[in-house]
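In what follows, a structure is listed as structure tokens, so that the remarks can point back to it.
Nothing in this text is a laboratory measurement; each read-out follows from the coordinates by a stated rule. Keep in mind that what you see is a predicted model, and the values were worked out from it rather than measured. Note that each Cβ is placed from the backbone with ideal geometry, even for glycine, and that neighbours are counted across all protein chains shown.
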Amino acid sequence: MNPDEELRQQFALLRRADHAAAPAWNPDLIVPAPKVQAWYQMPRWRWIAAASCLFALCFLGRPRPYAPPRDDLARALPVFFSPQEAPLFAGLSPENAVPSDALLPLHLTILLP
């Protein structure tokens, strides 16, 4: 027998076996793809809402120009430290001791020369 003819018969047998093993065509099992709406087909109310938000961002959210303070800043701030009441730093002598020094550990309250 011709080798080409044998090869064609083997391929024909394989083709029939593949055809028998393939699932049957059933168009009822095919699910249609969901309909996707394009951005330009949006409802009119969505366009209006998007335009309103853009308007609010552009005109209402813009930075305001700098306005210098009306009063003098030194008068506007509260006074946190007044040197007439008490010194800022405690001295090392016992007469400058603060009543709360007794609460400190002993090694922190030793007087230095």
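For the listed peptides 29-42, 6-19, a ranking on the average number of other beta carbons within 10 Å per residue, highest first, reads 6-19, 29-42. Distance between the pseudo-spin-label points of residue 31 and residue 57 (7 Å out from Cα toward the beta carbon): 3.5 nm. The three principal axes of the C-alpha atoms in the stretch 20-64 carry coordinate ranges of 77, 21, 11 Å, sorted with the longest axis first.
For the peptides 45-53, 59-67, the ranking by mean Cβ contacts within 10 Å, running from highest to lowest, is 45-53, 59-67. A dipole drawn for the stretch 1-69 from +1 and -1 charges on Cβ atoms has a positive end, and of 56, 33, 17 the residue lying farthest that way is 56.
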